[in-house]
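Structure, as structure tokens:
The values are calculated or read from the model by the stated rules, or taken from the named source; none is laboratory data. Keep in mind the model is a prediction, meaning the values are calculated, not measured. Here the Cβ positions follow ideal geometry from the backbone for every residue, glycine too, while neighbour counts run over all protein chains shown.
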Amino acid sequence: MSNSRIPLRSHTPAEDVLARGRAVRDRVPRTARDRAVRADGRPSVVEFVEASGKGRIDELIPLRIGRMIASPFAFYRGAAGLMATDLADGPDTGFTAQLCGDAHAGNFGLYGTSRGEIVMDINDFDETVPGPWEWDLERLAASLVLAGRVGGADEDECRTAAADAARSYRRVAAALAERPFLTTWSALADESILDHVEAEDLLDNFKKAAKKARKNNSDKVVKKWTHIDDHETGIESHRFVADPPILTTVTQEVEDAAIDALERYGRTLRESRQGLLARFAVADIAFRIVGTGSVGLHSYVALLHGNSGEVLVLQLKQAAPSSLAPVLGIAAPKHEGKRIVQGARLVQTETDILLGWTTMSVPAGNGTRDLPFIVRQFRNLKGGIAPEELEPHDLDDYGRLAGALLARAHARSLDPRLISGYLGEDEDFDEAIAAFAVRYADRTEADHEELLAAVRAGKLPAQEPDR
């Protein structure tokens, strides 16, 4: 048994914690977030893209770059590590939260709970590490400006959305600081959050996304991507239908390695869920390309059969090191998949009941190499509201929604009383965040142009984005 303990013998009054937050204002003024974007010491865009491509599947790198050149917002979605470098010398209160690490506006989405309810939360944790809470908020704010510009919003609308995200973050942190600890743990998960943050204009968007999400399950995947094969055994079994380049078949060696990995993954689930998984059997494995930042990493989908025609689709996704870790001086964990899973469990109100991690042997040259993976349900009633597709006048509502969700997420690892004590009721903080967000959006647009120029000059390969 471990000798480590959680101290429970003394109580710190709320006012003392709030005072600790207020005391930091002298060292780090709240307006300090309004600053110039770092210019020196950052890699060029070509250097960054080349470095971030190391360790990926070579033939998929042009596709990744092709997706990144689609727009400045698309580039931003694949450049969390570059922004981390830019934030490294920024003002820091010293308050550490479990970061999403890539809290751009597109990484907030809907998904299903174990009870079939639809909730909205942060839904991507590839970059998760402990770090300055400010980094997530500034990444969110800048992404709103970029998404707004792509969607046709004017500069006032983009800046307002960024400021409203910061304002909502600040107000929700204050509200959580006053609530009982147990109620803050799962606060603001369902559509009632829209009323709390004055984002009622998004209600129709939320309902449409939720309706679509309820249909986004393993059954839908099976209908769209599989056929029934009973040639060898005489027993009907679904098999994936190849749809290159997105979905491709794998060798028997890879299929066996994936099944081995899934069998090991089961031990990372809670005991009751291990029994649940054991009732299924794997019918097929395929390789599937996902995302923007994840293109070029190993990613597989597994089709499992359950009870009386029941199907389950799991995703095995390679867990690459967080690009924030070296910037923050964080040592590599023993298992990158475990890092991601533990981060998600700490941040989300509810995690996928089948979320876990494993190690898989993948093809490498003339042999294989062992890589860390996460495993999760591939379609767990997932959905979302694309911020770049919103009507410009709805962008500020989305900013308030995302800002609130981020504050709630941080409050699970960082005492909201510290954040609230520091932020207080100062609206200058909101405007400072917005000012930096606009500057960083400008920086990202320049980076995107640099990427386009490199592709045109033949310095980087790019494949036209797929469907």
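A few points about this structure:
- Of the listed requirements (1) touching an Asp or Glu at 6+ places or on another chain (Cβ under 6 Å); (2) at pLDDT below 95; (3) of a type in the set (A, V, I, L, M), ILE57 misses just one: (1).
- Pairs linking a residue in the range 241-259 that is modelled with pLDDT under 95 to a residue that is hydroxyl-bearing (Ser, Thr, Tyr), with Cβ atoms under 6 Å and 6 or more positions apart or on different chains, are ALA242/THR248; ALA242/THR249.
- Condition met for ALA302 (outside any loop (DSSP other than H, G, I, E, B) and small (Gly, Ala, Ser)): yes
- Considered as a group, the residues in the range 243-292 that are of a type in the set (D, E, K, R) and under 18 Å from GLY306 (Cα atoms) include one that is farthest from the chain's Cα centre (by Cα), and that residue is ARG279.
- Residues of the range 407-431 that turn out to be surrounded by fewer than 21 Cβ atoms within 10 Å (Cβ to Cβ) and aliphatic (A, V, I, L, M), as a count: 1
- Residue in the range 152-168 that is touching a helix residue (DSSP H, G or I) at 6+ places or on another chain (Cβ under 6 Å) and among the basic types (Lys, Arg) present: yes
- With respect to (1) under 19 Å from LEU381 (Cβ atoms); (2) without any contact (Cβ under 8 Å) to a residue 12 or more places away in the chain, the lone exception for ALA344 is condition (2).
- Of the candidates LEU355, LEU371, LEU414, LEU401, the single residue that is modelled with pLDDT of 95 or more and farther than 29 Å from GLY53 by Cβ is LEU414.
- The range 432-464: number of residues that are closer than 22 Å to GLU59 by Cβ and buried (at least 18 other Cβ atoms within 10 Å of the Cβ): 5
- Among residues of the range 326-341 being surrounded by fewer than 22 Cβ atoms within 10 Å (Cβ to Cβ) and in contact (Cβ under 8 Å) with a residue 60 or more places away in the chain, the one that is nearest to the chain's Cα centre (by Cα) is LYS338.
- Test: residue in the range 167-186 that is in contact with a Lys or Arg (Cβ under 6 Å, 6 or more places away or on another chain), at pLDDT below 95 and closer than 15 Å to ALA344 by Cα: no
- Lone unmet requirement of (1) under 24 Å from GLY78 (Cα atoms); (2) assigned by TED's automatic domain parsing to the domain that holds ALA173; (3) among the aliphatic types (A, V, I, L, M) for ALA411: (1)
- Positions within the range 410-467 being within 25 Å of the chain's Cα centre (by Cα) and assigned to a loop (DSSP other than H, G, I, E, B), in sequence order: ALA411, ARG412, SER413, LEU414, ASP415, ALA462, GLN463, GLU464, PRO465, ASP466, ARG467
- Residue list for the range 363-385, restricted to those being surrounded by fewer than 20 Cβ atoms within 10 Å (Cβ to Cβ) and among the β-branched types (Val, Ile, Thr): THR368
- The set of residues in the range 356-388 being farther than 18 Å from ALA103 by Cα and touching a Gly at 6+ places or on another chain (Cβ under 6 Å) consists of TRP357, PRO372, PHE373, ILE374, VAL375, ASN380, LEU381.
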